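*Asks:* To start, I am sharing the structure in question, which I have written as structure tokens.
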Amino acid sequence: MFKKQAMSNDPKKEYQQIVLPLYLLMQLSIKAYKKYMQNKIYLHALVIMSSNIKVYNFIINHIGEIPEPIQDDALELVNHYDIWMTQFNAFEADKKPSLNDDFIFHHLDQQSAFPRQAEQNIFTYYHQLKSSIKPFTNE
């Protein structure tokens, strides 16, 4: 039988292996989104897609290691990305844009809107965990 050591017993390991990488990948998506909002072209939309795929894959690849306090939030992100990427791919296939073409699409329903509260919960957890292990980071 496979037994996996729970990371919750080691906050530093949880921070370094799960929470910090997830936080940084989510920051990458935020940066991509900000650039897209300044110039809504296909090139920047592709960068958002690339960033979102990285967040999505990280969560999926570490699904059993996501800390319990943010598990629901991680699942909300995955669900959002499933919907968003499906819409993105369909829109992309329909429009066949060039890199400098305008690329603006809207979510089809309210259930596909970005889960801002889930994002905030993950960021709050990141900051709380980071500050709780701060005295131990130099070891």
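The values are calculated or read from the model by the stated rules, or taken from the named source; none is laboratory data. Bear in mind that the values here come from a model prediction, so they are computed numbers and not experimental data. Note: ideal-geometry Cβ built from the backbone for every residue, glycine included; neighbour counts use all protein chains shown. Please note that ligands, DNA and RNA were not included when accessible areas were found on the heavy atoms of the full protein model with its side chains. Shrake-Rupley method; radii C 1.70, N 1.55, O 1.52, S 1.80 Å.
*Asks:* Given 0.36 nm per residue, what is the gain on full extension from Ser98 to Lys54 after removing their alpha carbon distance, in nm? Before the final figure, lay out the partial values.
*Replies:* Details: separation 44, 0.36 × 44 = 15.84 nm, distance 2.30 nm.
Full extension from Ser98 to Lys54 adds 13.5 nm.
*Asks:* Which of the lysines could a cross-linker bridge to Lys96, judged by Cα under 25 Å and excluding same-chain residues fewer than eight apart?
*Replies:* Excluding near neighbours in sequence, the set is Lys31, Lys34, Lys35, Lys40, Lys54.
*Asks:* Would you list, by chain and number, the aspartates and glutamates whose Cα falls below 14 Å from the Cα of Lys134, excluding same-chain residues fewer than 8 positions away?
*Replies:* Candidates past the 8-residue exclusion: Asp10, Glu14.
*Asks:* With every protein chain kept in place and ligands, DNA and RNA left out, what is the accessible area per residue of the chain? Probe 1.4 Å, answer in Å². All intermediate terms of the calculation are to be shown ahead of the outcome.
*Replies:* Working: 8920 Å² over 139 residues.
Here the residues of the chain average 64 Å² of exposed surface.
*Asks:* Please give the solvent-accessible surface of Met37 in Å², to the nearest 10, using a probe radius of 1.4 Å with every protein chain present.
*Replies:* Around 90 Å² of this residue is reachable by solvent.
*Asks:* If packing is taken as the average count of other Cβ atoms within 10 Å, what order do 105-114, 57-66 fall into, highest mean first?
*Replies:* 57-66, 105-114
*Asks:* Show which aspartates and glutamates lie in cross-link reach of Lys12 when reach means a straight Cα distance below 16 angstrom and same-chain residues fewer than eight apart are skipped.
*Replies:* Glu65, Glu68, Glu139
*Asks:* Can you compute the charge dipole magnitude of the chain about its Cα centre, using +1 on each Lys and Arg Cβ and -1 on each Asp and Glu Cβ, nothing else charged? Give it in debye, rounded to the nearest 20.
*Replies:* In debye, rounded to 20, the chain gives about 480.
*Asks:* Something else now. At 222 nm, what value in deg cm²/dmol follows for the chain if DSSP H runs of at least 4 each add -39500 (n - 2.57) and the sum is divided by all its residues, to the nearest 500?
*Replies:* Taken over the chain, the calculation gives -21000 deg cm²/dmol.
*Asks:* Let me ask another. Summing Lys, Arg as +1 and Asp, Glu as -1, what charge do residues with Cβ under 12 Å from the Cβ of Lys95 carry, Lys95 excluded?
*Replies:* -3
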